[in-house]
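Q: Structure incoming, see below.
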Amino acid sequence: MSKQNIALITGITGQDGSYLAELLLEKGYDVHGTIRRSSVDYRERIAHLEGKPHFHLHYADLGDSMSILGVISKVRPTEIYNLAAQSHVQVSFDSPEFTADVDAVGVLRILEAVRQLGLKESCRIYQASTSELYGKVEEVPQNENTPFHPYSPYAVAKQYGYWIVKEYRDAYNMYCCNGILFNHESERRGETFVTRKITLAAARIKQGKQKKLFLGNLGSLRDWGYAKDYVECMWLILQHDKPEDFVIATGVQHSVREFCYHAFKRVGIELEFQGEGISEKGIDKATGNVLIEVSADFYRPTDVVNLWGDPTKAKAKLGWNPNKTTFEDLVNLMVDSDMAKVASEGAAEKVRTNLAEYLEKGIVK
Ligand code: NAP
Ligand code: G4F
């Protein structure tokens, strides 16, 4: 009988963690995830997995070495996917120390726990590195040999994570790898990242529940892929015959402005952009209404504006297809999902309104 694969996913409640858990369960893994205690329910993305026989959750925090050591010692994973992070670049300017502790030292805590527990021969480790490492980019497109120039507290912390993984690989012969992932989005993307902010706003504006969308730098360029395709690549990286680092990207670049154009087009609104910089506006061509404005609140002290990945190595060595989901498909599936979500929010509001009325009339006790 072949040995049971046991995966430990940190950050399982996040966008990528939830998709990866689904993928590994389908592949027959025993899936363990770490969660943090919170005063509100934050397990929406994995609620459908709870109660499944091969799905287990444990409390742990990347800022707390004892909890990390405890969970790894208990689970004895054959693969660890370290996806946990303070992952919002703009927030890293407000909470730089927390970001450094979790996104930099947190990686060390995992590597050192595996080493000290004597699991280095039996456990492979994936680290969620990022295209933000290229930061103030020194070449386009970016590949595994492009120099790094991190340009935010988040990227600086992630750069430590990247190098400590390489160090443990060389110093202790551990199987640990960096996936240098470019932006990847989905219906489950956090609502404050630019793509989701746009698709939600397009849906709300279309349904008359929002008047305007305020954004920062519309000219920023990103290589956006679909999170579901990217978690497949995380798994492939750990199945490779030797530990290596890989750039994961689509090889196609678009601006925030173009993302807006396509998202609004999907809901039947054609946008025209007029003006420049802080004065730029996105106008509904049919009505002349201003739907998008630029606000300095969403500018960053230093912004990364030209990310464009070269996935040649992942294609050649892992057989991964970077273009399974096109940019237009991605925008459309996010918008369609948000159109349904916003419509059902309306229904929920109506139920609440009815309930208030029924309570008042004494119909419901
Ligand atoms: P996400 O949705 O923000 O999820 C982050 C996860 O980390 C959540 O489960 C969160 O838990 C957890 N977490 C945060 N602080 C923690 C702590 N102190 N201890 C334990 N867990 C903690 O991020 P994502 O988009 O899925 O990204 C996954 C990883 O890939 C992150 O490391 C991110 O930096 C990296 N990355 C993402 C992209 C992208 O485009 N999505 C690209 C490159 C790299 P709570 O639910 O409790 O907050
Ligand atoms: O959607 P974003 O916040 O993503 P960002 O900063 O690229 O970071 C994401 O991708 C990284 C991979 O490259 C991950 F490592 C990281 O964890 C995260 O998942 O912003 C994208 C661009 C930026 O240039 C930002 O300045 O969009 C620009 N932008 C313009 N207006 C905005 C807004 N970003 C946000 N979040 N909100 C705005 O209103």
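Q: Output wanted: per-residue J couplings in Hz (rounded whole) for region 8-25, from phi through Karplus 6.51 cos²θ - 1.76 cosθ + 1.60, θ = phi - 60°, x for Gly and Pro.
A: 10, 10, 7, x, 5, 7, x, 3, 5, x, 5, 5, 5, 4, 4, 4, 6, 5
Q: Something else: In region 252-340, what chymotrypsin sites (Phe, Trp or Tyr not before Pro) fall in a loop by DSSP, with at most 16 other Cβ atoms inside 10 Å? All intermediate terms of the calculation are to be shown ahead of the outcome.
A: Details: sites: 259, 261, 264, 273, 298, 299, 308, 320, 327; in loops: 299, 308, 320.
Taking region 252-340 and a limit of 16 other Cβ atoms within 10 Å, the loop chymotrypsin sites (Phe, Trp or Tyr not before Pro) found are 299.
Q: Step through the residues of region 108-125 one at a time and calculate ³J(HN,Hα) from phi using the Karplus curve (6.51 cos²θ - 1.76 cosθ + 1.60, θ = phi - 60°), rounding each to whole Hz and writing x for Gly and Pro.
A: 4, 4, 5, 4, 5, 5, 4, 5, 5, 7, x, 9, 5, 7, 9, 10, 9, 10
Q: Can you compute the charge dipole magnitude of region 120-226 about its Cα centre, using +1 on each Lys and Arg Cβ and -1 on each Asp and Glu Cβ, nothing else charged? Give it in debye, rounded to the nearest 20. Intermediate values should be presented prior to the final figure.
A: Values: 16 positive and 11 negative charges, 178 e Å.
It comes to approximately 860 debye.
Q: Ranking request for peptides 336-343, 27-34: highest mean number of other beta-carbon atoms within 10 Å first, then the rest in descending order.
A: 27-34, 336-343
Q: Spelling out what I want: for every residue of region 273-283, take phi, set θ = phi - 60°, compute 6.51 cos²θ - 1.76 cosθ + 1.60 (Karplus), and round to whole Hz; glycine and proline get x.
A: 9, 10, x, 9, x, 5, 8, 5, 9, x, 10
Q: Under 1.5 on a/c is rounded, so check that first for the chain, then, if it is not, pick prolate when a/b is larger than b/c and oblate when it is not; a ≥ b ≥ c are the square roots of the alpha carbon gyration tensor eigenvalues. Each step should come with its number before you reach the end.
A: Numbers: a/c = 1.93, a/b = 1.32, b/c = 1.46.
Judged from the Cα gyration tensor, the chain comes out oblate (a/c at least 1.5, b/c at or above a/b).
Q: Which residue, 255, 48, 335, has the largest displacement toward the positive end of the dipole of the chain when charges sit on each Cβ (Lys, Arg +1; Asp, Glu -1)?
A: Looking along the dipole axis, the top candidate is 48.
Q: Name the residue farthest towards the positive end of the dipole of the chain from the options 57, 181, 111, assuming +1 on Cβ of Lys and Arg, -1 on Cβ of Asp and Glu, about the Cα centre.
A: Projecting each Cα onto the dipole axis, the largest value belongs to 57.
Q: Could you give the length gained on full extension between residue 44 and residue 326, defined as 0.36 nm per residue of separation minus the Cα-Cα distance, in nm?
A: Numbers: separation 282, 0.36 × 282 = 101.52 nm, distance 2.66 nm.
Roughly 98.9 nm would be gained on extension.
Q: Within region 1-153, how many Lys pairs sit with Cα atoms under 19 Å apart, leaving out pairs fewer than 8 places apart on the same chain?
A: Lysine pairs, 8 or more places apart or on different chains, close enough: 5.
Q: Say we join alpha carbon atoms closer than 10 Å with springs in a Gaussian network model of the chain; which of 101, 241, 64 then has the biggest fluctuation?
A: 241
Q: Which one, 274, 86, 159, has the greatest fluctuation when you compute a Gaussian network model over the chain with C-alpha springs under 10 angstrom?
A: Maximum fluctuation in the GNM of the chain, among the listed residues, is at 274.
Q: With unit charges on the beta carbon (Lys/Arg positive, Asp/Glu negative), name the residue among 28, 68, 125 whose Cα is farthest towards the positive pole of the charge dipole of the chain.
A: 28
Q: How much net charge surrounds residue 114 when only other residues with a Cβ under 13 Å from its Cβ are counted (Lys, Arg +1; Asp, Glu -1)? Write down the numbers at each step before the final one.
A: Details: positive: 76, 109, 115, 120, 124, 169; negative: 79, 112, 121.
Neighbourhood net charge equals +3.
Q: Run the numbers on region 1-138 and let me know its relative contact order in percent, using alpha-carbon pairs under 8 Å that are six or more apart. Can you show the working numbers first?
A: Numbers: 189 pairs, mean separation 35.6, N = 138.
The normalised contact order for region 1-138 reaches 26 percent.
Q: Here's another thing I want to ask about it. Could you order peptides 279-289, 110-120 by the average number of other Cβ atoms within 10 Å of their residues, highest first? Walk me through the numbers on the way to the answer.
A: Details: 279-289: 13.6, 110-120: 18.2.
Highest-to-lowest ranking by the protection proxy: 110-120, 279-289.
Q: So, one more: Please state the charge dipole magnitude for the chain, taken about the Cα centre, from unit charges on C-beta atoms (+1 on K and R, -1 on D and E), reported in debye and rounded to the nearest 20.
A: Values: 44 positive and 49 negative charges, 176 e Å.
Dipole magnitude for the chain comes out near 840 debye.
Q: Based on the alpha-carbon gyration tensor of region 77-173 and its eigenvalue square roots a ≥ b ≥ c, which shape applies: rounded if a/c is under 1.5, prolate if not and a/b is larger than b/c, or oblate?
A: On the way: a/c = 2.49, a/b = 1.48, b/c = 1.68.
It is oblate, given that a/c is not under 1.5 and a/b is not larger than b/c.
Q: Is the shape of region 29-77 best called rounded, prolate or oblate, per the rule: a/c under 1.5 gives rounded, else a/b larger than b/c gives prolate, else oblate, with a ≥ b ≥ c the square roots of the Cα gyration tensor eigenvalues?
A: Numbers: a/c = 3.17, a/b = 1.16, b/c = 2.72.
In terms of gyration-tensor shape, oblate.
Any read-out appearing in this document is the output of simple, stated calculations on the displayed coordinates, not a laboratory observation. Bear in mind the structure is a predicted one, so any value in this text is a computation, not a measurement. A quick note on method: Cβ atoms are made from the backbone with ideal geometry, for glycine too, and the neighbour counts reach across all protein chains shown.
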